[in-house]
1. In Å and from the alpha-carbon atoms only, list the Rg and Dmax of the stretch A:3-83.
2. Return the long-range amide H neighbours of B:Val84 (sequence gap of 5 or more, or a different chain), with a cut-off of under 5 Å between placed amide H atoms.
3. Roughly how large is the B-A contact in terms of buried accessible area, totalled over both chains, probe 1.4 Å, nearest 100 Å²?
4. Please compute the net charge surrounding B:Ala326, taking Lys and Arg as +1 and Asp and Glu as -1 over other residues with Cβ under 12 Å from its Cβ.
5. What residues qualify as long-range amide H neighbours of B:Phe487, i.e. H under 5 Å apart, gap of 5 or more or another chain, H built at 1.01 Å from N?
6. Between B:Ala98 and B:Arg12, what length comes free when the chain is fully extended (0.36 nm per residue of separation minus the Cα-Cα distance, one decimal in nm)?
7. Report the label-to-label distance for B:Glu222 and B:Val38 in nanometres (one decimal), using points 7 Å from each Cα along the Cα→Cβ vector.
8. Note down the net charge around B:Gln563, summing +1 for each Lys or Arg and -1 for each Asp or Glu among other residues with Cβ under 10 Å from its Cβ.
Amino acid sequence: MSYAMIRAVVVEWLDDQYHFGDAEKLIGGNDELSFLDRAILDSLGFVKLVVHLEDLYRIKIDRKNLTRVNFDGMKKIVTYVLSHKDYRGPR
Amino acid sequence: MSTMMFAADMERAETSAMRAFRRVCEAATGLKLDDYQVFHDFSVGSFREFWDLLLQSSGLLYEGSRDPVCTSEDMEHGVFFPDVRLNYVENLLRHADADPDRVAVRACTESGEPVVLTRGELRTRVARLASALRRRGVVPGDRVVALARNTADTTVACLAALSLGAIWSSVGTDLEAELVLARFKPLRPKVLMAHTQFPYQGRTTSLVERVGTLTAGLQSLELLVSLDQDLDVGVPGQVSHGAIADLESEEPEARFEAPRFPFNHPLFILFSSGTTGAPKCIIHGAGGTLLEHDKELRLHTDLRQEDRLFVHTSAGWMMWNWQLSALLTGAELVLYDGAVSYPEADALWKLIGREGVTAFCTSPAYLHYCRDSGVVPKEQADLSSLRLMLSTGAVLFDAQYDWVAENVKPLALHSISGGTDILGCFVMGHPELPVYRGESPCVGLGFDVRALPPPPGTTGTMVPPPSEGLVGDLICATPFPSRPIGFFEDADGTKLHDAYFAEHRGVWTHGDRIELTVRGTARILGRTDGVLNVLGLRIGPAEIYHVLQEFPEITAAMALEQQAPREPGGSRMILLVVLAKGAVLDRALTLRVKKALRSKASLAHVPAVIASVSALAVTRNGKESVAAARAALNGHPVRNLGALRNPECLDEIRNHPALRLASD
């Protein structure tokens with residue numbers, strides 16, 4: 001499972017939940033972009049995304065790690081999932 | 001059998017208004033009412049005497065004769081206190097004389113210091129704005145509508161309008177213009193009050209365009225009052241406009257006036273969107289609201305002058321109107337406008353600590369969010385002031401009682417439920433009763449709540465058989481003063497009848513399913529009709545179907561609520577669609593539908609899943625059966641299977657891969 005595949009999962013989820021086809025346009029190819037600053041996701045949305053990723057990848061994300069440093073932006077989210085110790089790919 | 005989570009604080013109960021009122025009733029009747037079931041039976045069995053004693057002993061300001069208490073035993077037509085006159089706002093602000101410097105309102109935002117109004121300041125601001133509105137021609141019965149945030153200015157604006165006898169109706173800033181117009185246009189409002197900007201999650205969104213759309217769409221409008229800054233929103237020539245601060249400053253000498261109106265003078269108009277047609281405009285009367293809220297807030301919630309009540313609500317939910325009435329008790333209102341999770345996930349708990357909140361009313365969806373985001377309130381905020389929590393808007397699950405006990409503190413957690421239709425609560429707390437996991441402590445005094453139909457061999461009354469509780473449709477069988485006085489533009493009462501009195505003749509049918517337990521507690525089990533409750537928000541499917549009309553690919557649709565324990569609020573919205581010949585529900589169409597619902601209704605109207613089916617369940621009379629489809633979706637037995645023309649379509653729902661939950 002590559003960076004690109006997890007990224008696609010996140011984009012699909014953003015489209016399903018909040019942006020309905022516009023997620024890629026909002027990210028604008030910049031995976032370093034802050035989701036919070038650009039209103040791509042609010043903190044409630046982050047929690048929903050985390051639950052979705054936990055379900056999909058059978059991982060447990062420590063809520064203490066749910067910080068802007070670790071999670072605010074596409075690159076950070078995908079990198080976090082890829083580096084999770086229990087990550088084995090999707091269900 | 002449920003576990004007791006919290007025993008009543010009997011020392012506090014001894015000095016409660018509930019205890020004092022019970023003694024008043026005992027003295028007046030000679031009855032012994034220390035058993036709550038007996039007290040409740042008295043309150044419905046002798047309902048005239050009960051409501052008369054409550055009005056007498058409440059300390060509410062009124063004039064006129066309390067006789068007759070109610071003109072009829074028929075709850076659809078009975079009128080309470082036709083010869084009493086009062087002013088709702090006079091009653092809310094009556095404590096200003098005794099202690100004008102005591103705080104009445106603390107309005108908090110995501111950042112900065114709260115706006116604090118003392119009782120005296122609140123009354124002065126209300127008087128000034130009311131005077132300015134009067135000077136501009138606002139008279140009793142005029143509709144004043146608002147697109148408003150939950151701020152101190154909104155509180156002032158509402159009280160000013162109501163003090164004049166105008167009727168207030170507000171929506172929150174989450175609704176898009178089309179839905180706001182669908183609600184406000186039928187009211188033919190004279191005044192629109194509006195915020196022009198909306199700070200949320202650290203950013204500010206302009207509402208100017210939306211306010212402009214509303215102003216242009218409301219032909220009856222004569223005045224636009226900005227609740228923050230005065231902006232030119234392209235106001236049509238006949239509409240004057242000004243900012244709330246400017247209007248108040250025009251009237252520095254204004255004194256608070258409170259002309260008294262009939263007990264059933266219209267006060268609030270709330271909206272209920274159903275499964276068909278436009279939203280219903282429900283009119284609530286001043287006296288009924290006042291008396292019911294006095295009972296709920298002063299007696300059942302035991303609010304006192306030293307309390308600070310924080311209800312987490314927008315200005316568009318009935319809980320906003322409900323919490324406003326807490327001024328009656330002398331308690332302080334703590335308002336919050338902003339995101340629940342900004343700047344951090346524990347923002348509301350920090351607010352509780354900072355502002356010394358004693359009673360916090362929230363929702364199952366918010367508690368779910370706190371659990372999912374790893375918030376442990378007791379470790380992250382000072383909760384020493386907090387003595388009571390209330391939860392409403394959806395079913396509060398057993399595990400959430402445990403979560404509160406473990407992560408907040410051991411305290412009374414009251415699951416309260418009623419709603420927009422009665423602007424109050426059928427089931428709620430009681431200072432003398434314990435709290436059991438998953439159960440509301442009691443049925444409210446004066447509400448003759450029953451579960452229908454009763455099981456064979458029982459009467460279906462409040463007193464259940466000894467060994468088990470009653471489960472059924474929530475009905476109320478005795479008149480109560482907070483019954484809506486009508487729907488707007490429903491002179492002969494047909495719409496009111498159809499909404500509440502058609503299903504069970506002569507009694508109020510609420511649309512909820514309820515369990516009444518042997519110990520007198522209650523569990524609300526969800527809706528019985530097609531109205532959806534998603535994230536604690538009530539969604540009328542009619543508003544979804546209206547948007548879908550622009551999609552020729554969709555020939556029929558049905559929105560349903562699916563129980564989903566992992567979702568905030570415990571459920572999610574499913575949209576079943578039947579496609580036109582040749583159409584395909586691909587990802588592009590799914591996203592277009594969602595996007596249309598988001599832009600023309602609100603994010604809450606967007607379904608979690610859209611699933612294509614070959615047909616919707618239809619009865620032999622040709623009527624779509626939401627009940628059958630919902631039962632199939634949730635794995636429940638279908639009660640009316642024999643009445644269906646196409647029962648085979650339910651298997652398609654049961655086996656649809658898109659409708660399986662993550663944990664399936």
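The values are calculated or read from the model by the stated rules, or taken from the named source; none is laboratory data. Computed from a predicted model, the values in this text were never measured in an experiment. Virtual Cβ from ideal backbone geometry, glycine too; neighbours counted across all protein chains shown. For accessibility, only protein heavy atoms count, side chains too; no ligands or nucleic acids. Shrake-Rupley method; radii C 1.70, N 1.55, O 1.52, S 1.80 Å.
1. So, for the stretch A:3-83, Rg and Dmax equal 11.4, 31 Å respectively.
2. For B:Val84, whose amide H was placed from the backbone, the distant partners under 5 Å are B:Phe263.
3. On the way: alone 25430 and 5320 Å², together 29020 Å².
The buried area between B and A, both sides summed, comes to about 1700 Å².
4. Working: positive: B:Arg298, B:Arg304, B:Arg308; negative: B:Asp294, B:Glu296, B:Asp302, B:Asp307, B:Glu332.
Here the charged neighbours net out to -2.
5. Residues meeting the criterion, in which the H sits 1.01 Å from N, are B:Ile283, B:Leu496.
6. 28.5 nm
7. With each label point 7 Å from Cα toward Cβ, the separation is 5.7 nm.
8. Neighbour charge sum, excluding B:Gln563 itself: 0.
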